[in-house]
Structure formats: structure tokens, C-alpha cells
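Working notes for the structure below.
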Amino acid sequence: MIESEPSPNGAAEAESSSRKRVVIGDVAARAGVSKSAVSFVFNNRSGVSASARERILRAADELGWRPSARARALSRSHAQAVGLVIRRDPELLSTDPFFPQFMAGVEIGLTAHDYSLVLQVVADEQSERAAYHRFADASRVDGVFLTDVRIGDTRPQDARELGLRAVVIAPEDAASDDGVAIGMNDSDGVRRAVHHLHSLGHRRIAHVMGAPMYVHTEARRRAWREALVDLGLPVGTVVTADFTGASGARATHELLDLPEPPTAIVYGNDLMAIAGVSAATDRGVRVPEDLSVVGFDDIPLAPYALPPLTTVRQNVVAWGTAAAQTLVALVEGRQPPTVRLPPVEFVVRGSTGPTRDRRHA
């Protein structure tokens, strides 16, 4: 290991460096205001005139000064962090692309406000409740994202009672007085899938749904059923799965074993749909010639599956960013921004096609 000799002028250089460090007082002096006014501006608080705010921001920019996240947290009595507790089966979490994309969006939204994300992965409901209590008792976070919302979920109320602001990641109709909901329109995507299949001549359209306790699972199942009824089609068979590839393959075999198997299947996510295509192919059932398949999510693998997967696309990164911006605003006592998420898109690829009768017509 090579060590350099200390400079004979080291002390002088350190002193000079220390003198050059810009602090909040320097900004206040240059702008001709108090240090409190500078703090108010950088903490988005009222009480500073527009002209003074402009001078403060200009002075800070000229001096290259910004408050540290730690200093801002202390001045606000905030942890300057928000939490996300994920309760998922390890197999599903490792293969589900939703959370990496969602957290990428959250980080985009938090970085602009110097907030951090504290993540906890737990195995069961008891561990999940304990995680929220640790967040509150240790003042580790100021608010939480609530994902995988379940039917009759009490977590929004629990978070409020713990003093934690909450943003619910679910369809808007899942909101309550205990939390703000931000979500995509799952139902519209599923309805478009059913109408697309109907236009290709399909009448026996089945559904492979995810775990039944989730709000978004029920929303997709309900949209599938309502679309069939609206089109005057018979309500097909529903098979319950759990969003994993193995369950998607099992559900597909179950449907293809029916006396009158479906000619099309709408799956609750892309992972189950891709596994379903593989299961059908193993049985000699051709996709899309004999069976049309639709997924949900448009994961990165979807365009490269064989055949490329027709699916519903959500902009999950934008969803995460909007959720983060909303939660920070709630924590800081500001009016949350108006959320305008991109609408879901229906992406037609090679896994759907006309029925045999329609092809030979």
C-alpha cells in the first residue's frame, strides 16, 4: 500500500476549504433575508413573498447551495423517508415485474424531494403488521404505499391510526377516508381484450384469474364477466390461479380438459399467459390457430414470446412516480398534485387470431 506524504500546507488548505463551504447564512446574506426565510422556501412553506423567494432561489443557485436531506428532515420533524411493505410469496416476487418497475417510478418521484424509500419484504400478515408498527414506533418513515390491496383490507385505517400517511395502489373505487387511491383502469383493459376476441369470432372465452383476495384480481374478473354479458356471449369458465407460471399452466390444462374447451383465454397476468401457451403447445393445441391467448401487464418478455403475446399494457413507472409525488405532498401537508396517468393500452400481437369458422368464411 502506497501512502502519500502530507502536504506541508495541508492545514492551510483545509482551513481555506472550510472557509469556502457555503451555508444557509451565506444564502440569506446574499438574498437580503433571514435564514428562516431561506428555510421556508426550501421546505415549500408559505410566508415568503414572491420577490424574496426569487432572490433566495437565485442566491442559492449562484452559490451552488442546497440543504442536505438530513437538515431538511430535522427542520421539518420528518423522517424524510416513506415505506413499502411487500407481502408476497418469494417465487411470485422473484418473477413479478410489477414491483421493480413500480419502485423505479417511486424513486424518480422521491429523488426530486430528497426522500428515501424504506423497503420491507415479509412472509405473512403478522409480519406485515409488525413492519408497519416498527415504521411508526421508530419514526422511520412519514408515510407508506399500500400495494396488493385485498378485499376488506384494513391497512388504510391501520396506517391512519399509527399516524402514517398512506397512498393506496389500487383502483380509485378502493379508496376510503383512510387513504388516497391511485390506480390504473384494469377493467377497461380487460373489456377491450374481450371485445377484441369477440371481433375475431370467439364465443367461448375463459378467464384465468389471480389470487382471489386481491382487489385488482376481482376487478379484472368482474370486467371479463360484464363484457361477455354486454356482448350477449355465454359466461365462460373461470379458473383460480395465483399469478405464477406453474398455476397458469395448471389452469390451462384444466380448461382444455373441458368437454367444450374455450377457444380463447384471458389471463390475469402475462406470466400465466406465457405458461398457458407452453401448456397448450405441449398438448398439440396451436396458438393462435386453435386457441387465442391474452395476457395482462405487457412484461418485457411479452413481445418475444412464441407467438408474441397480445396483452394489456400499463405504464407502471409513471404510476410509481405519481404515487410518490402524492405521498410526499400528503406528508408535507400540501395539496396532492392532480394525477393523470397514461390510460391502459391494448396491444395486439400474434397470440390472438380468428376462430376456425371465421378463417374459412
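The values are calculated or read from the model by the stated rules, or taken from the named source; none is laboratory data. Since this is a predicted model, take the numbers as computed values, not measurements. Note that we place each Cβ from the backbone using ideal geometry, even for glycine, and neighbour counts take in every protein chain shown.
Might you check whether a residue that is modelled with pLDDT of 80 or more, hydroxyl-bearing (Ser, Thr, Tyr) and in a helix (DSSP H, G or I) occurs anywhere in segment 51-60? Yes, segment 51-60 contains at least one residue that is modelled with pLDDT of 80 or more, hydroxyl-bearing (Ser, Thr, Tyr) and in a helix (DSSP H, G or I). Of all residues in segment 249-269, at least one satisfies being in a helix (DSSP H, G or I), touching a strand residue (DSSP E or B) at 6+ places or on another chain (Cβ under 9 Å) and among the hydroxyl-bearing types (Ser, Thr, Tyr).
Out of Thr338, Thr355, Thr281, report the one residue that is among the hydroxyl-bearing types (Ser, Thr, Tyr), surrounded by fewer than 20 Cβ atoms within 10 Å (Cβ to Cβ) and over 28 Å from Tyr115 (Cα atoms).
Numbers: Thr338 fails: over 28 Å from Tyr115 (Cα atoms); Thr355 fails: surrounded by fewer than 20 Cβ atoms within 10 Å (Cβ to Cβ).
Selected residue: Thr281, the only one of Thr338, Thr355, Thr281 that is among the hydroxyl-bearing types (Ser, Thr, Tyr), surrounded by fewer than 20 Cβ atoms within 10 Å (Cβ to Cβ) and over 28 Å from Tyr115 (Cα atoms).
Per the listing Val194, Val149, the residue uniquely in the same structural domain as Ala223 (by TED's automatic domain parsing) and either β-branched (Val, Ile, Thr) or closer than 22 Å to Asn269 by Cα (or both) is Val194. Only one entry in Arg220, Arg225, Arg203, Arg250 is buried (at least 20 other Cβ atoms within 10 Å of the Cβ) and of a type in the set (Lys, Arg), namely Arg220.
Exactly one residue out of Gly210, Gly183, Gly245 is over 26 Å from Ala280 (Cβ atoms) and surrounded by 20 or more Cβ atoms within 10 Å (Cβ to Cβ), and it is Gly183.
Only one residue in Ala79, Ala73 is surrounded by 13 or more Cβ atoms within 10 Å (Cβ to Cβ), in a helix (DSSP H, G or I) and at pLDDT below 90, so which one is that?
Working: Ala79 fails: in a helix (DSSP H, G or I).
Matching residue, one of Ala79, Ala73: Ala73.
Are any of the residues in segment 219-233 on the phi < 0 side of the Ramachandran plot, touching an Asp or Glu at 6+ places or on another chain (Cβ under 6 Å) and assigned to a helix (DSSP H, G or I)? So that I can check it myself, show each step before the final result.
Taking segment 219-233 as the starting set, the residues that turn out to be on the phi < 0 side of the Ramachandran plot are 219-231, 233.
In the following step, the residues that additionally are touching an Asp or Glu at 6+ places or on another chain (Cβ under 6 Å) were identified as 219-220.
Remaining after also requiring assigned to a helix (DSSP H, G or I): 219-220.
So far as segment 219-233 goes, yes, one or more of its residues are on the phi < 0 side of the Ramachandran plot, touching an Asp or Glu at 6+ places or on another chain (Cβ under 6 Å) and assigned to a helix (DSSP H, G or I).
For the residues Met213, Met209, the requirement of being under 18 Å from Phe98 (Cβ atoms) and in contact (Cβ under 8 Å) with a residue 60 or more places away in the chain singles out Met213.
Scanning segment 324-333 for residues that are farther than 15 Å from Phe102 by Cβ and modelled with pLDDT of 90 or more returns Val328, Ala329, Leu330, Val331.
Only residues that are among the aliphatic types (A, V, I, L, M), crowded, with 20+ Cβ neighbours inside 10 Å and out of contact with any Lys or Arg (no Cβ under 6 Å at 6 or more places or on another chain) were counted in segment 132-160, giving 4. Taken over segment 320-340, the criterion of being of a type in the set (A, V, I, L, M, F, W, C) and more than 17 Å from the chain's Cα centre (by Cα) is satisfied by Ala329, Leu330, Val331. Checking each residue of segment 234-247 against the condition of being among the hydrophobic types (A, V, I, L, M, F, W, C), part of a loop (DSSP other than H, G, I, E, B), in contact with a helix residue (DSSP H, G or I) (Cβ under 7 Å, 6 or more places away or on another chain) and free of Cβ contacts under 8 Å to residues at least 24 places away in the same chain gives at least one match.
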